[in-house]
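Written out below as structure tokens is the structure these notes cover.
The values are calculated or read from the model by the stated rules, or taken from the named source; none is laboratory data. Computed from a prediction, not measured in an experiment: that's the story for all the values here. Using ideal geometry, Cβ is built from the backbone for each residue, glycine included, and neighbour counts are taken over all protein chains shown. Calculation scope for accessible area: heavy atoms of the full protein, side chains included, ligands and nucleic acids excluded. Shrake-Rupley method; radii C 1.70, N 1.55, O 1.52, S 1.80 Å.
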Amino acid sequence: MATYHVRDIKLADRGRSKIQWAQMQMPVLQKIKKRFEETKPLVGIRIAACLHVTTETANLMMALKAGGADIHLCASNPLSTQDDVAASIVHDLGISTFAIKGEDKDTYYSHIVSALSIKPHITLDDGADLVFTLHKEMKELIGDVLGGTEETTTGVIRLKAMAKNGELRYPIIAVNDAYTKYLFDNRYGTGQSTIDGIIRATNRLLAGSVFVVCGYGWCGRGVASRAKGLGARVIVTEVSPLKALEALMDGFEVMPIKDASKIGDIFVTVTGNINVISEDCFIAMKDGAIVCNTGHFNVEIDIEKLKKLAKSTRMIRDYVEEYTLDDGRRVYLLAEGRLVNLAAAEGHPSAVMDMSFANQALSVEYIVKNYKNLKNMVYKVPDTIDNEIASLKLSSMGIKIDSLTDEQTKYLSSWEYGT
Ligand code: ADE
């Protein structure tokens, strides 16, 4: 029997049809699910998963369950859960789920503890809160764990820091660092879904607006290019000279956040760092400036400072909080500074999550087969898995590519041929 804490189990019907809709865009994961059904590589494996509870995650849960796994699922962000999907995961898949959109911090962590109560062999994490809780508060369970996966850049950075300090007590596969993950999910997924979240929350026209992207990693690149595609005048802020140069040569304006603050209409943080938009920025902003975050944690905008500066606040529409400063200027914060793409929209489209979650499913299988050879480190997804996913995705899209001739293969491994 599934145990659960979801908003309303009666929402399952609506969740189910949305999960089916997503499934149509996830052919690679479907193929893996079919193989898992036939070969059952995960029989006897208990999984604790801490992921955004979305239609795409539901499809990943189905694939893992088809492989024979027993799963507990909780949310990896207090505001990203799709309540109808959570209900369907419990009702239709029989998977114990602990996730409610808008849950407070205590409930969020109590849900992680509930997910861990399965006594996992494998952990799936998105941001490393579950791994952290396991290492800090439920150490007694670590002995059973064979390995884990991590979905996102922020989580990988955290786990690498744990490994460097000798604190990581089991191996982790960094799904985020697979080419078939970050080149597509981080760039096109974050790019599209962030713009989607901003538009759903505000209904603003981006064409002609001054759109400031803080951070030019793969996610920032995606957000900047999509905003430009909609006609915004895009400014990039960076701390890395290399990334700043790249942004400049990609055709964006580059300047310090202090200068961008004076002219931006819409600000998006996507750096993975704290207090990127701080007091000085709010003080410099134009009346009506919109501020949001699409990095993993709600730490990139200094909301406490904004609260202190404001003489009043109100929710002006869903996900849009108005802060009125002493001089009457208004700053609008979207989705409490949490991931705007998952809070105000539905996260990355299914077609990119297809590849990210194919990496998750195959990495879980890899851990089960290879855990004895893995150390307490953060590993890349093996290239064979990465290449297999790219091939499957291409063929699902009906795209054929060339292959090397024997002569070309020989040339690439030779050194005699020159000018
Ligand atoms: N991360 C970003 N978008 C997501 C989605 N649609 N499902 C699960 N995790 C996500």
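In table form, for the structure just shown:
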item: From Lys393, Lys410, residue being more than 16 Å from the ligand (Cβ to nearest atom) and either open to solvent by 60 Å² or more (accessible area, probe 1.4 Å) or polar (S, T, N, Q) (or both); result: Lys410
item: Boolean, Gly418 is touching a strand residue (DSSP E or B) at 6+ places or on another chain (Cβ under 9 Å) and not in a helix (DSSP H, G or I); result: no
item: Qualifying residue in the range 55-66 (condition: part of a loop (DSSP other than H, G, I, E, B) and not basic (Lys, Arg)); result: no
item: The range 51-85 - residue that is more than 8 Å from the ligand (Cβ to nearest atom) and among the charged types (D, E, K, R) and, of those, surrounded by the most Cβ atoms within 10 Å (Cβ to Cβ); result: Asp84
item: Qualifying residues in the range 124-147 (those that are outside any helix (DSSP H, G or I) and within 16 Å of the ligand (Cβ to nearest atom)) - the one surrounded by the most Cβ atoms within 10 Å (Cβ to Cβ); result: Leu124
item: Residue that is least open to solvent (accessible area, probe 1.4 Å) [pool: residues in the range 154-165 that are of a type outside the set (A, V, I, L, M, F, W, C) and closer than 12 Å to His135 by Cβ]; result: Arg158
item: Search result, residues across the range 236-265 that are of a type in the set (A, V, I, L, M, F, W, C) and open to solvent by 70 Å² or more (accessible area, probe 1.4 Å); result: Val239, Leu242, Leu245, Leu248, Met249
item: Helices (runs of 4 or more DSSP H) completely within the range 266-381 that count 1 or more residues being hydroxyl-bearing (Ser, Thr, Tyr), open to solvent by less than 20 Å² (accessible area, probe 1.4 Å) and in contact with a strand residue (DSSP E or B) (Cβ under 7 Å, 6 or more places away or on another chain); result: 350-370
item: Asn203 being out of contact with any Pro (no Cβ under 7 Å at 6 or more places or on another chain), closer than 17 Å to Val340 by Cβ and open to solvent by 10 Å² or more (accessible area, probe 1.4 Å); result: yes
item: Single unsatisfied condition, Val299 versus (1) under 30 Å from Lys258 (Cβ atoms); (2) touching a residue at least 60 places away in the same chain (Cβ under 8 Å); (3) under 19 Å from the mean Cα position of the chain (by Cα); result: (2)
item: Any hit, the range 360-368, residues being within 13 Å of the ligand (Cβ to nearest atom) and over 27 Å from Ile199 (Cβ atoms); result: yes
item: Every pair of residues 6+ apart whose Cβ atoms lie under 7 Å, when the first sits in the range 13-39 and is part of a helix (DSSP H, G or I) while the second is open to solvent by 50 Å² or more (accessible area, probe 1.4 Å); result: Arg16/Asp92; Pro27/Ser396; Val28/Ser396; Gln30/Gln23
